[in-house]
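Below: one structure, written as structure tokens.
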Amino acid sequence: MLLLKWIVCDVPQEQRHAFASAQQHWRAVAALQGFRGQFGGWSSQFGGRACIASLWHDQSALDVFMANAHDAIVARSKQYETYQSIRTLIVPCVQLATGRRQTIAEAMVNLTELRVTKGWIDMLYGSTLLMRLNFPTEALDDDLVGIEPDWNVSPVFIER
């Protein structure tokens, strides 16, 4: 089952550029087995909040990443020096395509915003819904996240 790892960091204004630069180090996940895509940006509702969605094929793929690659990327990026707090939530989710069938990587090409509500994330191009990710929790704050294209990481191996 597809897993969503939702990451929220509270970033002081003076650290926003450093945080965004450090985010580039996460491109290293692109070639990992089971990685499905990563995207994110700045919250429009909560100043200084960075929101990132990382999608994994299943728990096993996420576990391998966490055990073998995560800490090395954290050490190289030093991103932990740029935020005041970090919260993560890992939940199973269902990918609901709208319109034509597309992969998460294909939807990321035109992604401009994320509309976050209790129980789902809408991947938007302007006001057009590209894809919806449903998950069984109401733990996320309602938000509208403007996508930072440089933060997007597409998988090297696209799994259908």
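The values are calculated or read from the model by the stated rules, or taken from the named source; none is laboratory data. Just so it is clear, the structure is predicted and the values come from calculations on it, not from any experiment. Cβ atoms come from the backbone with ideal geometry, glycine included; neighbour counts cover every protein chain shown.
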Has segment 128-142 got any residue that is among the aromatic types (Phe, Trp, Tyr) and under 16 Å from Val109 (Cα atoms)? no
Counting only residues that are outside any helix (DSSP H, G or I), touching a helix residue (DSSP H, G or I) at 6+ places or on another chain (Cβ under 7 Å) and within 15 Å of Gly40 (Cβ to Cβ), which one in segment 132-160 is modelled with the lowest pLDDT? Ser154
Does Val94 count as of a type in the set (A, V, I, L, M, F, W, C) and in contact with a Ser or Thr (Cβ under 8 Å, 6 or more places away or on another chain)? no
Could you please find all residues in segment 67-87 being more than 15 Å from Trp26 (Cβ to Cβ) and of a type in the set (Asp, Glu)? Glu81
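Does Gly37 qualify as being out of contact with any Phe, Trp or Tyr (no Cβ under 9 Å at 6 or more places or on another chain), buried (at least 16 other Cβ atoms within 10 Å of the Cβ) and small (Gly, Ala, Ser)? So that I can check it myself, show each step before the final result.
On the way: out of contact with any Phe, Trp or Tyr (no Cβ under 9 Å at 6 or more places or on another chain): yes; buried (at least 16 other Cβ atoms within 10 Å of the Cβ): yes; small (Gly, Ala, Ser): yes.
For Gly37, the condition - out of contact with any Phe, Trp or Tyr (no Cβ under 9 Å at 6 or more places or on another chain), buried (at least 16 other Cβ atoms within 10 Å of the Cβ) and small (Gly, Ala, Ser) - is met.
Here is a list: Ile147, Ile90, Ile104, Ile121. Which entry is in contact with a Gly (Cβ under 6 Å, 6 or more places away or on another chain), surrounded by 14 or more Cβ atoms within 10 Å (Cβ to Cβ), farther than 20 Å from His25 by Cβ and not polar (S, T, N, Q)?
On the way: Ile147 fails: farther than 20 Å from His25 by Cβ; Ile90 fails: in contact with a Gly (Cβ under 6 Å, 6 or more places away or on another chain); Ile121 fails: in contact with a Gly (Cβ under 6 Å, 6 or more places away or on another chain).
Testing whether each residue is in contact with a Gly (Cβ under 6 Å, 6 or more places away or on another chain), surrounded by 14 or more Cβ atoms within 10 Å (Cβ to Cβ), farther than 20 Å from His25 by Cβ and not polar (S, T, N, Q) leaves just Ile104.
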Hey, does segment 101-111 have a residue that's at pLDDT below 95, in a strand (DSSP E or B) and not acidic (Asp, Glu)? no
Single condition His17 does not satisfy, out of (1) within 24 Å of Thr112 (Cα to Cα); (2) touching a residue at least 24 places away in the same chain (Cβ under 8 Å): (2)
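For Trp6, indicate whether it is part of a helix (DSSP H, G or I) and of a type outside the set (Lys, Arg). Let's see the steps before the verdict.
On the way: part of a helix (DSSP H, G or I): no; of a type outside the set (Lys, Arg): yes.
Answer is no for this residue.
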Count of residues meeting criterion [over 15 Å from the mean Cα position of the chain (by Cα), assigned to a helix (DSSP H, G or I) and either small (Gly, Ala, Ser) or over 11 Å from Leu3 (Cβ atoms) (or both)] in segment 53-87: 17
